[in-house]
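Novice: I'd like to ask some things about the structure below.
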Amino acid sequence: MSIENENPENEKLNSEVNPSENQSVEEVTTEQVSETETPNSASEEVVAEENSETETQHQEIELAEENYSNLSLNETLNEMETIVNKDDAFAFSKKFNALRDHANHKLADEVEDKKHEYLEQGNPEEHFEFHHPLASKLSALVNIFKEKLDVFHKAQEADHQKNLKERLSIIERLKNLYTNSEPGVNLFKSIREIKEAWGNAGQVAKSEFKNLNNNYFHHLKMFNEMLDLNKEYLEQEFAHNLEKREHIIQRAKELLDEKVVQKALNELQYLHKLWKEEAEPVAEEFREKTWDEFKEISNKIHERKSELIAVQESEQQENLDKKNKIIEELKTLSATQNVNHSFWQQAIKRVEDLRTEFLKIGPVPKKISNQNWTDFKQTLRDFNTTKNDFYKNLKGSQIHNLEEKLSLIKTAQDNMNSEDWDIIVPLFKKLQEDWKKIGHVPRSQANKVWDDFRDACNTFFKNYRDKNNATGDNWKENYKNKKALLEELKALMDEEGSVEKIENIKNAWNAIGKVPKDKLSINTEFNKTLREKLKLNKINEFDLKEENLSESQLTDKARKIKNQIADLEAEVVQLENNLAFFNNPSRENPLLKDTYSKLDAKKEQLESLKVTLHNIIAGE
């Protein structure tokens, strides 16, 4: 009979209610043996002595705790999500709580790093704000796990009630066996069936366990007394337990050759549990002999702990050497001075690779673990400080370039409406040449300063061209017509057909030529009123059907639409990246319902703008 397939008679009954913790084998066995009495004093002495010897000589084996310190935040959340998605997630409560604590620690570290970088840039501490993008996922996983645990406990309570009824029925069978047994009943077979049923019955509530267990063993004692020292029964019981002991000893001998020390220690602990629960008592002449043999083998297996410790120490030292090597490379990168932008971009990528590699390496000796981690974090901060100093200096030169370009823009804007053609035309050509010679400006300002400079230049040269073609234009009549259109636009309200009226007014406006220079403010007033009417009627400016637009007006409109399309595409990419954080990003997931709604709305708006842009480019 295989030891691994032995089913302890009271293993399920004696388990703690909490699925993540196991009741001490010694505690349960002591209670059972102390309340189980054989029919005569000799048998009672065998049980008491054997139980006492087991308690004093057997040592429990500690199970190695799992180490999560090497997991990144993403890996930790993935592990937590894997547990949450398990049907038996409640069985991993201890692991989930350890992962949750580790994730909170990692979040705190990363927020602290962000704060450090923020302060390094010279910002005031009271203005620091940072919401970690993975904090919401952590909170969601914790809440879902709590809900699953609550469902499990409710189901477990119902299961305990069912098991309680079953065990009470078994006790009643036991009681009837010695109070109402009929002639010819095979008592040995019947008691074996009852014991097997008791061992296979499920768990009950912890509050019910003691009384239920005492009741069972009381009737078992009464049954044994009823046998009136039935020697045949006792001999069969002793022989049955002796056979179990021999199987346990044989399996323990095989563990001496087990290569994985931790596996041997774990299984030895299980064998001691079987010895206490299923292999007692035996005949007195075999009691000490079998126990001494099993104890001797156990001691030899325990002696192999030194092998396990040696292997662990060797692995931890190798891990320490690897981590120190990474720290040294980071220090070399941090000490680099006077290099260019290309170097720092490559260095940033290399540092991220080194950081990932460092976190994947296993544990180091515990006595220097904290110092090793502190050195690693400090080296990263030193690298970031050196990198930030470089970009601060680079930003200074870009700011100087920005000031020069702003000066050119002001000169262009001050002269863009001048009609002193002989002087101003050469001036604008010189401004354009000087612009090309100036270097880069901060990226956040690059598009704006170019648009301002280009608009000023375009305005001047357009005026210059129009001046040559403006002979005969009735500018006063144009102003009169535009004034009438402006009043008509102001009179519009939120009513049926207002969209078509706005389109007609704007198309008519575009078809009218220039107005006198002293009346140019009417254009600004018209644009302001147009925006108000569009907002009142909830209309997107780009959705208007416009006609009679000049080439420059069409170009300006297309540029604005392109910018809006780029912004929307960036938002869509960001939302899709957020969804990628989840292993199961389906639309049925209640956590992602709002995200999918936003994503669909932005995609619909994006397609509409692309159609509008296509129509402008195609000249429709």
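What follows is calculated from the coordinates using simple rules that are stated; it is not laboratory data. Nothing here was measured: the structure is a model prediction, and the numbers come from that model. Every residue, glycine as well, gets a Cβ built from its backbone with ideal geometry; the counts of neighbours run over all protein chains shown.
Novice: In nm, to one decimal, how far is the Asn104 label point from the Thr555 one, both placed 7 Å along Cα→Cβ?
Specialist: In this crude spin-label approximation the distance works out to 6.1 nm.
Novice: As a footprinting exposure proxy, order His131, His400 by other Cβ within 10 Å, with the fewest listed first.
Specialist: Going from sparsest to densest Cβ surroundings: His131, His400.
Novice: Can you order the peptides 561-572, 239-250 by their average number of other Cβ atoms within 10 Å per residue, highest first?
Specialist: Most protected by this proxy first, the peptides run 239-250, 561-572.
Novice: Let me ask something else. Straight-line reach from Lys429: which lysines fall under 23 Å, measuring Cα to Cα and dropping same-chain residues less than 8 apart?
Specialist: Output for Lys429: Lys405, Lys410, Lys437, Lys448, Lys462, Lys467.
Novice: Can you give the extra length, in nm with one decimal, that the chain gains between Trp421 and Phe188 once fully stretched, where that is 0.36 nm per residue apart less the Cα-Cα distance? Could the numbers behind the result be given before it?
Specialist: Numbers: separation 233, 0.36 × 233 = 83.88 nm, distance 12.32 nm.
Gain on extension, Trp421 to Phe188, equals 71.6 nm.
Novice: Compute the length gained on full extension between Ser498 and Arg355: take 0.36 nm times their separation in residues and subtract their Cα-Cα distance, giving the result in nm to one decimal.
Specialist: Net length gain for the segment: 45.4 nm.
Novice: Then there's this: Among the trypsin sites (Lys or Arg not before Pro) in the stretch 86-190, which ones are in a DSSP loop with at most 15 other Cβ atoms within 10 Å of the Cβ? Mind listing them?
Specialist: Here the trypsin sites (Lys or Arg not before Pro) that fit, given the DSSP loop and packing criteria, are Lys86.
Novice: If you look for lysine pairs in the stretch 324-401 that are eight or more places apart or on different chains, how many of them have Cα atoms under 26 Å apart?
Specialist: Final tally of qualifying lysine pairs is 26.
Novice: Sticking with this structure for a sec: May I ask you to list the GluC sites (Glu not before Pro) in the stretch 64-126 that are in a DSSP loop and have at most 15 other Cβ atoms within 10 Å of their Cβ?
Specialist: Values: sites: Glu65, Glu66, Glu75, Glu79, Glu81, Glu110, Glu112, Glu117, Glu120, Glu125, Glu126; in loops: Glu65, Glu66.
Passing sites in the stretch 64-126 are Glu65, Glu66.
Novice: Something else about it: Please go through the stretch 372-458 and write out the GluC sites (Glu not before Pro) that DSSP classes as loop and that have at most 16 other C-beta atoms within 10 Å. Intermediate values should be presented prior to the final figure.
Specialist: Details: sites: Glu403, Glu404, Glu419, Glu433; in loops: Glu419.
Here the sparse-neighbourhood loop sites are Glu419.
Novice: Within the set of other residues whose C-beta is less than 13 Å from the C-beta of Lys483, count the net charge using Lys and Arg as +1 and Asp and Glu as -1. Show your work: numbers first, answer last.
Specialist: Numbers: positive: Lys476, Lys480, Lys482, Lys490, Lys519; negative: Glu477, Glu487, Glu488, Glu525.
Charge balance near Lys483 sits at +1.
Novice: Next question. Taking θ = phi - 60°, what integer Hz values does the Karplus form 6.51 cos²θ - 1.76 cosθ + 1.60 yield along the stretch 352-361, in sequence order, with x for Gly and Pro?
Specialist: 5, 5, 5, 4, 4, 5, 4, 5, 7, 5
Novice: Which net charge results for the neighbourhood of Lys259, defined as the other residues with beta-carbon distances under 11 angstrom from its beta-carbon, given Lys and Arg at +1 and Asp and Glu at -1?
Specialist: That works out to -1.
Novice: Still on this structure: Quick one: net charge of Leu119's neighbours, Cβ under 12 Å, K/R +1, D/E -1?
Specialist: -3
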